[in-house]
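Quick notes on the structure that follows.
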Amino acid sequence: MRIIPAQPGDVSKLLAFREEAAAWLVQLGSDQWQRPYPADRLLATIEEGTVFMVVEGDTTAATITLTPYAEEGLWTERELQEPSMFINKLTVARTHAGQNVGGRLLDWARERAYRAGAKWLRLDAWTTNEALQRYYLQQGFEYVRTVREGGAVNGGPRVSGWLAQRLTGPAEHGFDDQTPTPETLATNPVRPS
């Protein structure tokens, strides 16, 4: 399996990929990802070079967004001073479930963050998805806290505020990594406008 950067032409494929994951989550009784993700936001993150895909032949097996930018309101000012990278939208195709593709992808992200100069690989998970939270703990992440207020819609309840982190470092992931060398992190990265 290869890991490659997503391209603008992959937007519709990745949106369908997310819809598949959302349907699976409903079957598990989760309300995660039930609102459609805006195509323009996905395209912007692809153009930033932060969306990656695991492919096997012509099949997309998984995707992950790995960015130096934290979502506003989750991490403290002190935590934001520590060099970190943030995982978003990790998704594995149902055709590749149970093959540890997600665990290997987390190891790849850990190593990529390390090569960029990050100390921490951080994430926020769906607050009510306890199975997902257990998964991240099993993958070596440590729970930090749950942020419940300050959601994106009118400052209401936050749906994805379960925070965890893992130290970065070298890792064996087994992918053919065809991504460019990561840029070294800026001290206080600012999201491009």
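The values are calculated or read from the model by the stated rules, or taken from the named source; none is laboratory data. All values derive from a computational prediction rather than experimental measurement. Note that we place each Cβ from the backbone using ideal geometry, even for glycine, and neighbour counts take in every protein chain shown.
So is Asp10 at pLDDT 85 or above and farther than 20 Å from Trp126 by Cα or not? Against the criterion (at pLDDT 85 or above and farther than 20 Å from Trp126 by Cα), Asp10 qualifies. All conditions but one from (1) surrounded by fewer than 17 Cβ atoms within 10 Å (Cβ to Cβ); (2) touching a helix residue (DSSP H, G or I) at 6+ places or on another chain (Cβ under 8 Å) apply to Ala97; the one that does not is (2).
Please verify whether the stretch 121-131 includes one or more residues that are in contact with a Pro (Cβ under 8 Å, 6 or more places away or on another chain), modelled with pLDDT of 90 or more, closer than 21 Å to Ile46 by Cα and surrounded by 16 or more Cβ atoms within 10 Å (Cβ to Cβ). No, because not a single residue in the stretch 121-131 is in contact with a Pro (Cβ under 8 Å, 6 or more places away or on another chain), modelled with pLDDT of 90 or more, closer than 21 Å to Ile46 by Cα and surrounded by 16 or more Cβ atoms within 10 Å (Cβ to Cβ).
Assess whether Ala113 counts as being surrounded by fewer than 21 Cβ atoms within 10 Å (Cβ to Cβ), of a type in the set (Gly, Ala, Ser) and touching a Ser or Thr at 6+ places or on another chain (Cβ under 8 Å). Considered against the rule, which asks whether it is surrounded by fewer than 21 Cβ atoms within 10 Å (Cβ to Cβ), of a type in the set (Gly, Ala, Ser) and touching a Ser or Thr at 6+ places or on another chain (Cβ under 8 Å), Ala113 comes out as no. Candidates Ala93, Ala39: the one that is modelled with pLDDT under 85 and over 30 Å from Glu149 (Cα atoms) is Ala93.
Residues in the stretch 145-193 that are under 15 Å from Ala118 (Cα atoms), modelled with pLDDT of 65 or more and either of a type in the set (Asp, Glu) or outside any strand (DSSP E or B) (or both): Thr168, Gly169, Pro170, Ala171, Thr181, Pro182, Glu183, Thr184, Leu185, Ala186. Residues considered: Ala21, Ala16. Of these, the only one that is part of a helix (DSSP H, G or I), modelled with pLDDT under 90, in contact with a strand residue (DSSP E or B) (Cβ under 6 Å, 6 or more places away or on another chain) and closer than 25 Å to Arg104 by Cα is Ala21.
For the stretch 117-136, the criterion of being touching a Ser or Thr at 6+ places or on another chain (Cβ under 7 Å), within 19 Å of Ala62 (Cβ to Cβ) and assigned to a loop (DSSP other than H, G, I, E, B) is met by at least one residue. Whenever a residue of the stretch 5-18 is under 23 Å from Pro182 (Cβ atoms), it has no partner that is among the acidic types (Asp, Glu) and in a loop (DSSP other than H, G, I, E, B) lying with C-beta atoms less than 9 angstrom away and at least six residues away or across chains. For Thr65, the conditions (1) in a helix (DSSP H, G or I); (2) at pLDDT 70 or above all hold with the exception of (1).
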